[in-house]
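To start, the structure itself, in C-alpha cells.
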C-alpha cells in the first residue's frame, strides 16, 4: 500500500483511539462535533481542491505514494483522512485544555 | 504568484473571523486554551510533513510558494496551514456549539442531585449557566460562563 495511504489510515486510527481510550471528551457523541466536521469537509473541498488542482497545483503529490484516487476535483482522497485527523485531534486537545481551565 | 499559498491561508482566517466576532465563538479570546489545542497537533503534523517531504510523498510548486523553508525543508506555508486550519476548525466547533446552545439552552441541566456515576460535565467543558451559578460565580455572565480566567 502506498505510504501516504498507510500514514493517513494510521493517523485516523490513532486519533480515534486517543479519543476513545484516553481523552474521552465525548465529542463523537455530540451533534456539535459532527456538524462541525460536515462544515469543515465542505470547506476542505474548496481549499484543498485549490491546493491540489492538477491544472496548476500548489502541492504536488507523487503518484506512487498515494492510492491514485483523486476526488472530488483533484484531491487525493487520503487528504480527507489527513484533515479529519488534524481537525479532530485539535478539537480533542481543545476539549482537554478546556477541562483544565479554571472554571 | 509566490504568495498564493499564503494568500489562501489568509483568506481562511478572514472568512472565519465572523465566527469569533459575530457568532461569539470565543476562540481567539481564550489564547491559552487555543495554544494548548493547536501546539501538539502543529508539532505532530510538522513531523509528518517533514517525513513526507523527505520520502517524496509530495512537494510544493515554487511558482506558488514563497520558497521560505524551515528545518527539514518544510515550507513556512505548511506551518501556517497547521495553525490556520485547526483554528478554523475550532472556530467552527465553538460557533456550532453556540448555535446549538441558543436553540436548546437547557442542555442537560445541572442535576440537583447527581446520582449517575458519570460526572455531569464529562463531555461538556462549558458549564450551563445554572451550573455556573452553582459554582458560586456571579450571575449575569454574558457568555455562558467560560470568561473567567481566559486571558
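Couple of notes before you dig in:
- Average Cα contact separation per residue, the range B:31-90, under 8 Å, 6 or more apart, as relative contact order %: 40
- Per-pair calculated FRET efficiency, R0 = 25 Å: residue B:51 and residue A:69 via Cβ, rounded to 0.05: 0.65
- Over all pairs of different C-alpha atoms, the range B:4-104 has a mean inverse distance whose reciprocal, the Kirkwood radius, equals 14.9 Å.
- Relative contact order of the range A:3-100, pairs being alpha-carbon contacts under 8 Å that are 6 or more residues apart, as %: 40
- Percent RCO, i.e. relative contact order, over the range B:1-65, from Cα pairs under 8 Å lying at least 6 residues apart: 64
- Across peptide A:82-93, the mean count of Cβ atoms from other chains lying within 10 Å of each residue's own Cβ comes to 6.
All of the numbers you see were taken from the coordinates with simple rules; none came from a lab. Since the model is a prediction, treat every value here as computed from it, not as a measurement. Glycine also receives a Cβ, built like all others from the backbone with ideal geometry; neighbour counts cover every protein chain displayed.
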